[in-house]
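Enquirer: The structure that follows is given in the form of structure tokens.
The values are calculated or read from the model by the stated rules, or taken from the named source; none is laboratory data. Model, not experiment: these values are computed from the prediction. All Cβ positions, even for glycine, are placed from backbone atoms using ideal geometry, and neighbour counts span all protein chains on display.
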Amino acid sequence: MKKLGLQTDRIIFLILLACLLLVGICRGVHLDTSFFSLFPEYRNLAEVEERIARNSASSVFILAEGADFSIARQGAQAFYDTFQNSLVFKNLSLYQDEDAMEVLKTFLFEHRYQLLDDETLSRLENGNADAVSREALAQVYSPFSFADLGLLDKDPFLLTAKNIRKYASQGTGNLFLKEGVLAAESGGLWYVLIRGRVTDDALSFSGRNGIGKMYEQLLQLENSNPGVSYICSGVPFHSYESSSKAMKEISWITGVSLALVALILLIAFRTLLPMLVSVVNIGISLLAGFAVTLILYGKIHALALVFGTTLIGVSIDYSIHYFLNRDKIFRSLTVNCISTEISWCLLMLAPFPLLRQVALFSAAGLACSYFIVRLIYPVLPDIQQSDKSNQPCCIHIVRMTGILVMIVCLVAPALCGIRIKNSIRGMYTMSGQLLEWEKKAGKVMNLGSSGEYFIVAGTDQQELLVREERLAAELEKAVKNGSIGAFSRVTAFVPSEARQKRSYQAAGALLPCSRPQLEALGFGSSARRQFEQEYRNNINNFVTIDTVPPYIKENIEALFLGNVGGTWYSVVFPLQVKDGSALSSLADGKTVFFLSKIKDIEKELDHLTRTALLFVLISYFLVFSLLCLVYRKRALRIVLVPASVILGTLSFVSVSSGGVDLFACSGIVMIFGLGLDYLVYGLEGKSGKATLLSFITTEISFGALALSSFVPAHVFGLTVCAGLALAYLLSLSVDRS
């Protein structure tokens with residue numbers, strides 16, 4: 001009857017596993033390469049933050065560099081011609097579209113009274129209409145005037161020309177309009193800007209249509225355009241770089257781990273069957289973790305796969321202990337599986353997309369490995385192994401050493417202290433080429449985005465725009481006192497209706513000046529009557545976000561966030577911030593929010609680190625309760641061991657790294673779950689050889705991860721390596737009797 005029940009369980013498991021893998025395959029393999037997944041979710045305004053990140057995630061800047069303007073412009077044109085219809089970019093803009101500029105001019109002419117610039121508005125409201133008139137006449141008769149005089153009878157005060165200069169220079173930093181393109185001169189070289197947005201598939205690793213292919217074509221363009229170099233800047237390039245590194249590391253980490261594990265199993269068992277079965281188990285477990293993550297998230301982050309390679313070392317433990325202890329191992333395997341799953345499940349609660357995916361991937365894969373061992377392995381033929389002694393030959397020396405180490409671990413935090421320290425800059429290191437590109441792009445464009453910005457909220461569009469204008473008035477003071485260099489905002493392009501009404505009313509002061517102005521320009525009384533009539537007809541000609549031309553839409557796309565959960569939002573970016581200390585005081589936390597991205601993320605990481613430490617404490621009590629339930633009084637013998645491992649590892653990380661970060665704490669959560677395995681096997685009196693092999697293979701897996709160039713993965717792997725070494729040593733000091 002027992003065999004019949006086991007057979008039924010085996011069939012059910014295989015059916016479920018097949019269905020799981022089939023559903024995962026049907027969902028398709030979708031890799032998430034988002035650079036922003038490296039960072040935790042902001043607890044407040046999460047959906048708004050996501051929209052800002054989404055806008056930034058696809059934007060790129062390409063600078064064509066040349067010894068003179070004509071060479072740089074030629075290089076920019078070559079790039080534009082090559083990629084404007086490619087699958088890499090959704091859109092590209094070189095700003096030389098004369099039709100678009102004509103549309104902009106027409107739009108600004110039609111709304112010239114509602115869109116007065118600040119200087120003209122101030123003059124008119126202060127009764128200085130004559131100054132506006134004289135300035136316009138001076139421009140008309142200047143030999144160096146670039147004003148469009150085609151509509152002079154309808155716009156004798158050149159209000160349209162002023163707005164064109166204002167709108168064309170918004171958010172361009174050092175760049176200026178030259179022969180239809182945005183250009184800059186720096187260090188004796190000329191630069192022409194191409195802006196664009198990459199497609200969703202541009203970060204693919206196939207190399208056919210992605211950024212990798214674009215890099216290859218850039219080299220060809222440089223070869224075919226002597227004297228031209230290209231500079232790439234933007235989040236997609238960082239996403240591609242970090243994800244490309246991740247995919248390469250997955251290959252070598254997985255390959256090295258599997259090769260070493262297979263070699264150790266072959267040496268230990270001296271037969272191919274355990275090695276082959278274990279490798280198949282690992283492969284199926286990895287696929288199961290991959291499938292579950294795809295099913296629940298729809299995609300899996302490339303960096304989650306780097307962490308997921310540690311599943312190799314974790315799942316191989318079950319195979320080792322089974323082949324050395326056979327049926328007698330199932331109770332300890334079950335206890336260890338539950339304790340490790342508790343650790344992973346707690347990590348799934350972290351508000352950190354990357355960490356949640358790592359935890360889900362590993363938890364699903366580990367559960368699959370356990371059921372394969374529990375249900376499938378018993379049908380395999382017996383493998384005879386001898387283990388002459390379950391106790392080390394120098395057990396008393398080992399126990400004394402373990403006790404001394406335990407004492408040191410328990411008092412270490414008091415001696416060295418435990419500091420929580422997260423650095424966002426330390427999470428990702430740019431390659432030399434990309435770093436050089438970003439430095440040069442920052443110097444040339446001088447947009448000066450500092451990662452600090454305001455989010456403005458309103459119950460409708462107009463309330464939002466009014467509140468943004470109030471904030472802008474305060475930021476203008478910051479510009480004047482030198483705290484910031486400039487700032488970009490929606491209302492620089494689309495003022496509120498209240499501001500447009502004010503502008504229209506102020507423009508009325510030009511009516512008395514229109515007769516002498518038009519006469520000075522050679523127009524008669526009919527032109528004056530037409531001027532006055534057009535002014536009156538323009539009274540309700542308000543500009544809205546929905547009616548602006550493509551040029552303006554393109555500029556406000558990243559600034560206007562729209563309706564999010566019934567509230568309207570926009571973002572204001574201070575640029576060239578010299579003193580950001582006073583900016584936070586401009587936010588009330590209700591309608592205007594100030595976010596210092598780096599500082600806020602680091603604070604959030606510190607909060608998550610404390611949460612992770614709380615997870616360790618919760619895991620401690622949950623698992624200890626489980627041990628008490630299973631082993632009763634014997635569980636009391638090991639109560640100090642996990643505490644010593646946790647405190648000792650925290651002290652080691654704090655001293656070696658200058659502080660404990662989130663990934664080190666996540667590693668400690670795993671140490672607790674995995675390190676208990678050695679204690680449980682000891683309490684069960686299982687093979688010392690099996691425990692040693694389990695320890696070695698797990699160390700290989702996490703040791704390979706510790707060699708990763710991705711700093712969080714490196715910290716995570718190194719922490720687990722050190723903690724498991726300590727856990728294994730202390731497990732030997734526990735009296736097994």
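Enquirer: Filter the helices (runs of 4 or more DSSP H) completely within segment 107-226 down to those with at least 1 residues that are under 28 Å from residue 87 (Cβ atoms) and at pLDDT below 85.
Expert: Correct list: 211-224.
Enquirer: For segment 543-555, check the following and say yes or no: at least one residue is within 27 Å of residue 590 (Cα to Cα), out of contact with any Lys or Arg (no Cβ under 9 Å at 6 or more places or on another chain) and free of Cβ contacts under 8 Å to residues at least 40 places away in the same chain.
Expert: yes
Enquirer: Within segment 268-286, is there a residue that is of a type in the set (Phe, Trp, Tyr) and at pLDDT 75 or above?
Expert: Yes.
Enquirer: Just checking, how many residues over segment 232-272 are of a type outside the set (Ser, Thr, Tyr) and farther than 30 Å from residue 300 by Cα?
Expert: 9
Enquirer: Quick one: how many residues across segment 575-598 are closer than 19 Å to residue 480 by Cα and modelled with pLDDT under 85?
Expert: Adding up the residues that qualify gives 11.
Enquirer: Right, here's the next one. Quick check on segment 517-550: of everything there that is of a type in the set (Ser, Thr, Tyr) and closer than 21 Å to residue 118 by Cα, which residue is surrounded by the fewest Cβ atoms within 10 Å (Cβ to Cβ)?
Expert: 544
Enquirer: If only one of 276, 305, 258, 324 is in contact with a strand residue (DSSP E or B) (Cβ under 9 Å, 6 or more places away or on another chain), assigned by TED's automatic domain parsing to the domain that holds residue 367, assigned to a helix (DSSP H, G or I) and not basic (Lys, Arg), which one is it?
Expert: 305
Enquirer: Among the residues of segment 92-102, write down those that are of a type in the set (A, V, I, L, M, F, W, C) and modelled with pLDDT of 80 or more.
Expert: Result: 92, 94.
Enquirer: Now for a separate question. So residue 437 clears everything in (1) assigned to a helix (DSSP H, G or I); (2) modelled with pLDDT under 80 except one condition, right? Which one?
Expert: Failed condition: (2).
Enquirer: Continuing with this model, one more query. If I ask for residues that are touching a residue at least 12 places away in the same chain (Cβ under 8 Å) and among the polar types (S, T, N, Q), which ones from segment 642-677 would you list?
Expert: Answer for segment 642-677, where residues must be touching a residue at least 12 places away in the same chain (Cβ under 8 Å) and among the polar types (S, T, N, Q): 644, 649, 651, 654, 657, 666.
Enquirer: Tell me yes or no: at least one residue of segment 337-344 is of a type outside the set (Ser, Thr, Tyr) and either assigned to a loop (DSSP other than H, G, I, E, B) or within 23 Å of the chain's Cα centre (by Cα) (or both).
Expert: Scanning segment 337-344 turns up at least one residue that is of a type outside the set (Ser, Thr, Tyr) and either assigned to a loop (DSSP other than H, G, I, E, B) or within 23 Å of the chain's Cα centre (by Cα) (or both).
Enquirer: For residue 488, state whether it is more than 20 Å from residue 595 (Cα to Cα) and among the small types (Gly, Ala, Ser).
Expert: Judged against the criteria, residue 488 is not a match.
Enquirer: Search segment 117-135 for residues that are under 13 Å from residue 511 (Cα atoms) and pair each with any residue that is part of a helix (DSSP H, G or I) and among the small types (Gly, Ala, Ser) when their beta-carbon atoms are under 8 Å apart and the residues are at least 6 apart or on different chains.
Expert: If the second residue must be part of a helix (DSSP H, G or I) and among the small types (Gly, Ala, Ser), the pairs left are 124/506; 124/507; 124/509; 127/509; 129/509.
Enquirer: Let me ask you something else. Counting only residues that are farther than 27 Å from residue 605 by Cβ and at pLDDT below 80, give me the helices (runs of 4 or more DSSP H) lying completely in segment 1-91 with at least 1 of them.
Expert: 2-27
Enquirer: Evaluate the following for residue 257: is it of a type in the set (Gly, Ala, Ser) and closer than 18 Å to residue 312 by Cα?
Expert: Considered against the rule, which asks whether it is of a type in the set (Gly, Ala, Ser) and closer than 18 Å to residue 312 by Cα, residue 257 comes out as yes.
Enquirer: Any idea which of 514, 496, 483, 488 is buried (at least 16 other Cβ atoms within 10 Å of the Cβ) and in contact with a strand residue (DSSP E or B) (Cβ under 7 Å, 6 or more places away or on another chain)?
Expert: From the options 514, 496, 483, 488, the qualifying one is 488.
Enquirer: So, in segment 237-255, exactly how many residues are in contact with a helix residue (DSSP H, G or I) (Cβ under 6 Å, 6 or more places away or on another chain) and either more than 30 Å from residue 59 (Cα to Cα) or not in a helix (DSSP H, G or I) (or both)?
Expert: Residues meeting the conditions: 1.
Enquirer: What is the number of the single condition among (1) of a type in the set (A, V, I, L, M); (2) closer than 25 Å to residue 471 by Cβ; (3) part of a helix (DSSP H, G or I) that residue 617 does not meet?
Expert: (2)
Enquirer: Please note which helices (runs of 4 or more DSSP H) are completely contained in segment 463-553 and include at least 2 residues that are assigned by TED's automatic domain parsing to the domain that holds residue 108 and at pLDDT 90 or above.
Expert: 497-507
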